[in-house]
Amino acid sequence: MDFQNDLPGSPPALPVLTVSELNRMARRALESALPLLWVGGEVSNFTRAASGHWYFSLKDANAQVRCVMFRGRNQFADFTPVNGDHVEIRALPSLYEARGEFQLGVEAVRRAGAGRLYEAFLKLKAKLDAEGLFDASKKRVLPRFPRCVGIVTSPRAAALHDVLTALARRMPGLPVILYPTPVQGTDAGAQIAAAIRTAGARRECDVLLVCRGGGSLEDLWAFNEEAVARAIAASPMPVVSGVGHETDFTLADFAADLRAPTPTAAAELASPARSELLLELGHLARQLGHHLARRQHAEMQRLDYLARRLVHPAEQLRRRQVDLEQLARRIGRGAQSRFTGEQLRLARLSQRLVTPRHVIQREHQRLDAWGMRSWRGIRGALGQRELTLARLASSLAHLNPEGVLARGYSIVQRENGAVVQDASTLKAGDSVGIRFHRGQARATVESTGDN
C-alpha cells in the first residue's frame, strides 16, 4: 500500500487500497453481513458453461441479480432451469472480485411454490402419522405367489409399460388387472383414491400396485393428497407404492405396505421370479430323487434281510428241538458241576471241624512258642545293655583324673585350691600344693619361666 504525504496540520492520511483489496473487503463484508437465504424470481440469460457451471440472472419487475451455480451443486438439482422459469434459489450473497460484480452463489434451486408444497406435505404427513396411518405394525406381508396383480395407474403412463414388461419377464402368464386413472392434473388425487377403493371392493387381485413415473413435486402431488393415503391404508389387499424415482417420497409411499423405489421395482417386489422358482423346483426335484433312491435302497436291504430270516415251519421246529437238546445238556452239566462243588465244600468243612482237646493242645503250643520268643527277647536286651554299660565304663575310665596321675603326672594348686595352668601366673615365693597319684606335698616357688 502507498500512503499520501501528510500536509501540515491535516489529520493522518488513510491508506490507498488497490482495486483487488477493495473488492476483497467488499466481498467479506457482504458474506459476513448477509446469511444464506432464499430468493425468488424469473430466470433470464441462462448459460451452461463448458465446465458444467450454470450462469443466469434472477429478476423481478424492478431489479435483477447475477447468479452462479457450480457443477458440484447443480448436479443434484431435480431440473435444469430455462429462461422464463420462476424459481426459488437458496444462495449466499457475494461479490465477484475480478469484475466487482454483486452475485448470488446458488446452493439449491427449486420451482417457485415448491417450498409451500413441501411445507404442506410435511404438515399432512405429521397429521396422518399421529393418527397411526403409517404405523409399521400395520404393514402386511406380500403374498409369495399372487394369483393376480392389480395396477392403479394411467393407461398412457410409461410406468404401465415398465410394470407389464417386468411382470412378463419374471412371471409370464400372471394375470394382471388395470384400474385406470389419471396420475396428474386436476382431481387426479380423488380419481386415484377411487380406483384404489374400486380394486378393494372387487377383490379381484391379491396385491395392488400404485404406480407413476418420476417428475417434479408438483407432478407427483396427486399421490400426496390425504384421500389417496387413506384409500391405500384402507385397502383390503396389500399395496405396493412405486411412485417416481428412488429419491422421490410421497405420502402414498408411507401409507403403503411396501415402498418400491421405481414402478419396475414395485413389479419385481410383487411377483415371484419364474427363473428362480424353476431353479428352486429343480433343486427340490433332485433332493426328492436322492431321497427316494436312498429310501428304495434301504427298503431293498430290509427285504433281503427279512427274506433270509424267512424259513419253513418244519425247519423252525428242528431248530427249536436242537436248541432244547442243547439246553438239556447244559442243565445236566450244570447240575453235575454243582453237585461236585458241594462235595468239595463239605470235605473242606469236615477238615476244619476239630475237638476241644485239639484246640487246648494247639493253644499250649502257641503259649510255649510265645514264652520262648519272650525269653530270647529278654536275653538279647540284657546282652545289649551289658555291652553299652561296658562301653560307658571304658569311656569314664579314660576321663578319670586318677588315671592321669597314675601315669606320673601331678596337679599344682594354689592355697585356695585353684588349679595352676600357667606358670606365668606364679611368682617367686608363692606357696603351692602338689597332688600326686598317691599323696600330696607343699612347695615354695623359687623362679618361673616358659620352659
Those residues of region 189-243 which are assigned to a helix (DSSP H, G or I) and basic (Lys, Arg), in sequence order: Arg197, Arg202, Arg230
Quick check, is Ser241 without any contact (Cβ under 8 Å) to a residue 60 or more places away in the chain and out of contact with any Phe, Trp or Tyr (no Cβ under 6 Å at 6 or more places or on another chain)? yes
Given (1) at pLDDT 90 or above; (2) part of a helix (DSSP H, G or I); (3) farther than 30 Å from Asp248 by Cβ, index of the condition Gly72 fails: (3)
Would you be able to say whether some residue in region 238-261 is more than 26 Å from Ala126 (Cβ to Cβ) and either crowded, with 17+ Cβ neighbours inside 10 Å or modelled with pLDDT under 95 (or both)? no
Residue, modelled with the lowest pLDDT, within region 403-419, restricted to residues that are surrounded by 10 or more Cβ atoms within 10 Å (Cβ to Cβ) and among the charged types (D, E, K, R): Glu415
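Just to be sure, is Ala188 closer than 16 Å to Ala267 by Cα and in the same structural domain as Leu209 (by TED's automatic domain parsing)? Explain how you work it out, then say what you get.
Working: closer than 16 Å to Ala267 by Cα: no; in the same structural domain as Leu209 (by TED's automatic domain parsing): yes.
No.
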Looking at (1) touching a Leu at 6+ places or on another chain (Cβ under 7 Å); (2) outside the structural domain of Val210 (by TED's automatic domain parsing); (3) not aliphatic (A, V, I, L, M), which is the one condition that is false for Arg308? (1)
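Based on what the data block shows, is Ala265 in a helix (DSSP H, G or I) and under 15 Å from Leu209 (Cα atoms)?
Working: in a helix (DSSP H, G or I): yes; under 15 Å from Leu209 (Cα atoms): yes.
Against the criterion (in a helix (DSSP H, G or I) and under 15 Å from Leu209 (Cα atoms)), Ala265 qualifies.
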When (1) exposed (fewer than 13 other Cβ atoms within 10 Å of the Cβ); (2) farther than 29 Å from Ala252 by Cβ are applied to Leu30, the one that fails is (1)
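The values are calculated or read from the model by the stated rules, or taken from the named source; none is laboratory data. Since we're looking at a predicted model, the values are computed, not measured. Positions of Cβ are generated from backbone atoms using ideal geometry, with glycine treated the same way; all protein chains shown enter the neighbour counts.
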